[in-house]
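What follows is a set of notes on a single structure, which appears directly below.
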Amino acid sequence: MTASMVSVCTSASKAATRGTGPARAAGSFAYPSFASYVRARQPVLLRTARSLTANPSDAEDLLQTALTKTYVAWDRIEDHRALDGYVRRALLNTRTSQWRKRKVDEFACDELPEPDAAPAGDPAEQQALRDAMWRSIMRLPARQRAMVVLRYYEDLSEAQTAEVLGVSVGTVKSAVSRALGKLRDDPELTPVR
């Protein structure tokens, strides 16, 4: 434990035993609800969480996890004077678990594992290709067009396409094959190849 954490923990426990905390001011140590406890004690508990981790965002996450554990156990905690201690213990246990679970997923190596990125084509050429392809598809007969769109644009399997159109799988296979043959022979798509 760090010195600052010890001082925060001991000062909070002394305040609780002396009865100077916000719950004592209300006349009782019992908090009427979990929400009232969190509203009253969150600043002190957040300081404790910040003493356990250097990053303020990690401290907030750590406190949130500890408060979740406290909420789950709320009905089992008989002495509400012990709530701060319960939350501090949950903070410490959670942080310790995080340290233990931490793995090193990165290893130094001589070569980068990522493949070289393929050079991106000209966006205007890519759009021209998409437009030419769509015009060619629109020239197909309606039934073949529907099957090509379902198979390749909607990414349905042959069986799913057959089910949607109410035809057999063999009909889908032969119609798609004929449609692809027409697209291969389309003069507008010839310069692309």
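The values are calculated or read from the model by the stated rules, or taken from the named source; none is laboratory data. This is a predicted model, so every value here is computed, not measured. Don't worry about glycine lacking a Cβ; one is built from the backbone with ideal geometry, like all the others, and counts go over all protein chains shown. Surface areas here come from the heavy atoms of the whole protein model, side chains and all, with no ligands, DNA or RNA. Shrake-Rupley method; radii C 1.70, N 1.55, O 1.52, S 1.80 Å.
Some observations on this one:
- Rounded to whole Hz, the Karplus (6.51, -1.76, 1.60) HN-Hα couplings of region 83-92, x for glycine and proline: 4, 4, x, 4, 5, 4, 5, 5, 4, 5
- Across the accessible surface of region 35-83, with the other protein chains kept in place and a 1.4 Å probe, carbon and sulfur atoms take up 48 percent.
- Within region 45-152, GluC sites (Glu not before Pro) in DSSP loop having at most 10 other beta-carbon neighbours inside 10 Å: Glu78, Glu106, Glu111
- Computed from the C-beta positions of Ser168 and Arg139, the FRET efficiency with R₀ = 30 Å rounds to 0.75.
- Across region 123-133, computed HN-Hα scalar couplings (Karplus, 6.51 cos²θ - 1.76 cosθ + 1.60, θ = phi - 60°) run x, 5, 5, 5, 5, 4, 5, 4, 5, 5, 4 Hz from first to last residue, x flagging Gly and Pro.
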